[in-house]
1. Hand me the list of helices (runs of 4 or more DSSP H) wholly inside the stretch 202-302 holding 1 or more residues that are touching a strand residue (DSSP E or B) at 6+ places or on another chain (Cβ under 8 Å).
2. Among the residues of the stretch 572-584, is any assigned to a loop (DSSP other than H, G, I, E, B), under 33 Å from the mean Cα position of the chain (by Cα) and not acidic (Asp, Glu)?
3. Of the numbered conditions (1) within 16 Å of the ligand (Cβ to nearest atom); (2) surrounded by fewer than 24 Cβ atoms within 10 Å (Cβ to Cβ); (3) in contact (Cβ under 8 Å) with a residue 60 or more places away in the chain, residue 291 fails exactly one; give the number of that condition.
4. Consider residue 173 against the criteria (1) in contact with a Ser or Thr (Cβ under 7 Å, 6 or more places away or on another chain); (2) within 16 Å of the ligand (Cβ to nearest atom); (3) not hydroxyl-bearing (Ser, Thr, Tyr): it satisfies all of them except one. Which criterion is unmet?
5. How about the stretch 249-288: which of its residues are buried (at least 18 other Cβ atoms within 10 Å of the Cβ) and among the aromatic types (Phe, Trp, Tyr)?
6. Residue pairs, Cβ under 8 Å, 6 or more apart or interchain, first in the stretch 44-58 and among the small types (Gly, Ala, Ser), second assigned to a helix (DSSP H, G or I). List them.
7. From the list 282, 297, exactly one residue is within 16 Å of the ligand (Cβ to nearest atom), of a type in the set (Asp, Glu) and within 22 Å of residue 489 (Cα to Cα). Which is it?
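The values are calculated or read from the model by the stated rules, or taken from the named source; none is laboratory data. Just so it is clear, the structure is predicted and the values come from calculations on it, not from any experiment. Cβ: placed from backbone, ideal geometry, glycine included. Neighbour counts: every protein chain shown.
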Amino acid sequence: MKNIFLLLSFLCFMNPISSQELAKFPKPFGPLPTQKQVDWQEMEFYAFVHFSLNTFTNKEWGYGDESPQLFNPTNLDVRQWARVVKAAGMKGIILVAKHHDGFCLWPSAYTERSVKNSPWKKGKGDLVKELATACKEYGLKLGLYLSPWDRSRADYGKPEYVTYFRNQLKELLTNYGDVFEMWFDGANGGDGYYGGANETRKINTLEYYNWDETYKLIYKTAPKTLVWGVGPSEARWIGNEEGRAGKTNWSLLRQKDELAGKVHYTEFMSGHEDGEKWVPGEADVSIRPGWFYHAVEDDKVRPLDEMVDIYYESIGRNATLLLNLPVDKRGLVHENDEARLKELVSTIKEDFKTELLADSKITADNVRGNSVEFATKNVADGNKNTYWATDDNVKSASIVFEFSKPTALNRILLQEYIPLGQRIRAFNVEAKVDGTWKTVASETTIGYKRILRIDRITASALRINITDSKASVVISNIQAYNAPTFVRMPEVQRDKNGNVTMKSEEGNTVYYTTDGSNPTKKSTLYKGEFQYKKAVVIKAVAIHADENISSAVKTSKYGASKENWKIVTVSSGDLNSANRIIDGNPNTDWSFGGDSNKLPQEITIDMGSILNINGFTYVPQQVGNNLNLISNYEFYTSVDNAKWILKSEGEFSNIKNNPIEQIKTFKKDKARYIRFVAKSAVGKGATVSIAEINVIETL
Ligand code: FUL
């Protein structure tokens with residue numbers, strides 16, 4: 001905003017304009033973005049890289065006692081990261097310079113726990129520096145993640161640690177050129193190594209770090225840096241690690257309330273209509289289930305369908321998209337991740353190939369001062385700084401696009417001119433089909449960018465009705481496209497008894513294979529439920545009947561069916577209901593423990609025969625507000641239900657923010673019985689839930 005005034009006063013100086021002329025411009029309304037925030041929002045899409053000791057220990061959160069010697073990539077090539085990111089049209093990379101285990105990817109002067117004590121480049125490497133150089137070379141911006149929580153430090157929780165943290169911040173913000181975003185994660189305090197104390201430390205996030213002071217230091221050192229996350233930040237978490245913003249998404253936040261601990265993080269998805277500060281949402285998500293690389297997830301890269309939805313539900317819903325590429329042990333972005341990213345980018349490019357409104361006849365029922373400066377053509381001129389605006393008192397208005405001939409379309413993109421604030425509360429879209437207007441969308445906010453996916457219609461005209469705006473309407477861009485039909489992958493499910501069902505949108509046919517090959521129209525046609533009890537990889541595609549377009553391949557891996565599985569004992573609760581954790585359906589769950597029964601709680605399962613297993617998975621409860629998640633576990637096996645071996649124990653790190661299937665592998669063993677112990681829960685409760693327990697079978 002400041003810029004607009006500067007520009008206006010500059011213009012006045014050059015060519016004095018009257019106050020009357022000044023009044024021509026729409027007045028800004030409500031909290032406004034700074035130029036830094038506008039520039040940041042325009043980046044839209046950028047990458048996250050999680051790569052650290054966890055990559056080598058196969059963990060999501062390190063405890064803080066892992067040796068720096070473990071950091072030993074064989075083929076580290078940051079230019080490969082930059083190339084992949086650039087090719088995807090992303091504008092920057094945020095590197096996790098220090099995660100919760102305290103290991104630093106740069107040779108910090110304040111600790112020995114860094115790359116300088118690793119075998120990588122014989123301790124002479126500086127990964128932050130290498131990446132900064134690669135980003136420059138590829139025209140990308142560099143961002144950095146410095147975890148406030150440090151599970152390695154003996155002084156964590158004391159004032160000394162805050163000094164240490166700030167010293168590291170200064171290092172990162174002064175030695176590596178411009179940092180476009182500083183990322184402060186919300187995970188703070190909990191159990192850790194803490195220099196050997198091995199204990200749980202509780203801190204008050206809002207008080208302990210004295211964020212006001214820390215932010216002052218950042219702005220003094222690096223005024224161009226935008227600060228994300230905890231504290232009085234300039235951008236907010238979107239409230240989930242799925243990369244999805246709310247349909248309603250205000251770039252405003254009641255940050256004072258947030259800093260007083262009065263805002264629940266689920267509110268971040270939509271922001272606050274009455275927020276006092278401009279704090280736009282950033283949607284973060286990993287291209288795989290975990291943030292760090294795990295070989296077991298090589299075939300769990302998010303499917304194209306999901307990636308496309310993420311794009312539309314983040315960038316298309318007034319958020320930026322921060323997409324994580326977990327760099328592997330070699331030090332490279334994995335081939336599977338790169339391939340999926342390319343598929344995503346080519347789908348999005350196809351979707352937005354030909355713009356349809358620029359050549360239409362555009363009219364509106366109100367144009368500010370009837371001035372050509374604010375005319376409707378501005379929404380289609382490709383210039384982000386020109387806009388269609390209405391008179392001050394006009395807070396609802398319609399803009400109409402008439403085509404020279406009926407035109408097929410299924411995407412509508414709208415942008416408010418945010419330097420003047422986010423104003424629109426509600427709008428709808430009508431299409432004139434065969435001479436009749438019909439409503440094709442009824443929506444709420446727009447903000448910097450809103451993209452609607454609607455069913456394809458062939459319209460002779462399109463009408464956008466802004467039905468409720470906080471102030472006069474100011475829109476800089478409206479576009480429409482006809483994206484190719486996107487056929488979604490079929491849903492595949494197998495129940496406890498090995499019965500397989502597949503579902504697809506109406507009119508599609510589904511073909512599948514059970515031999516690992518990719519299905520085509522020549523593969524088996526799905527005609528209805530069938531039984532397949534053995535371990536199997538089912539690959540299925542849906543094919544659109546009229547257009548002969550195929551979906552991406554849905555791959556579902558199953559072990560032997562759980563037909564013969566039985567719950568033997570549960571430490572509390574009802575044995576019968578416990579069957580829900582072996583019914584093959586992750587959407588049904590079972591809870592045990594509870595206030596009268598303290599943790600730990602355990603469950604013993606008989607798999608019916610001896611199997612070779614080298615891991616298990618725990619699917620937490622998926623549906624509900626309070627998921628009763630298990631945070632620490634033990635897993636035992638037995639061949640006779642008498643002698644038990646502890647095969648795995650530890651924590652389900654980050655399960656609170658990312659409650660996905662937890663995969664734990666161990667040394668192969670024969671087992672008929674398994675015992676799963678829930679040792680502690682997220683939060684204070686003693687109730688824990690399980691949606692499904694699976695084992696990983698091996699030869
Ligand atoms: C979370 C962290 O705890 C995860 O490990 C990861 O870094 C993610 C981006 O933020 O809250």
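1. Numbers: elements: 205-208, 211-221, 255-259.
Of the helices (runs of 4 or more DSSP H) lying wholly inside the stretch 202-302, those with at least 1 residues that are touching a strand residue (DSSP E or B) at 6+ places or on another chain (Cβ under 8 Å) span 211-221, 255-259.
2. yes
3. (2)
4. Of the numbered conditions (1) in contact with a Ser or Thr (Cβ under 7 Å, 6 or more places away or on another chain); (2) within 16 Å of the ligand (Cβ to nearest atom); (3) not hydroxyl-bearing (Ser, Thr, Tyr), the odd one out for residue 173 is (2).
5. Result: 250, 268, 278.
6. 47/81; 47/85
7. Unique residue meeting the criteria: 297.
Every residue, every condition in (1) modelled with pLDDT of 95 or more; (2) more than 14 Å from the chain's Cα centre (by Cα), yes or no:
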{"site": "288", "(1), (2)": "yes, no"}
{"site": "291", "(1), (2)": "yes, no"}
{"site": "295", "(1), (2)": "no, yes"}
{"site": "301", "(1), (2)": "yes, no"}
{"site": "304", "(1), (2)": "yes, yes"}
{"site": "328", "(1), (2)": "yes, yes"}
{"site": "331", "(1), (2)": "yes, yes"}
{"site": "337", "(1), (2)": "yes, yes"}
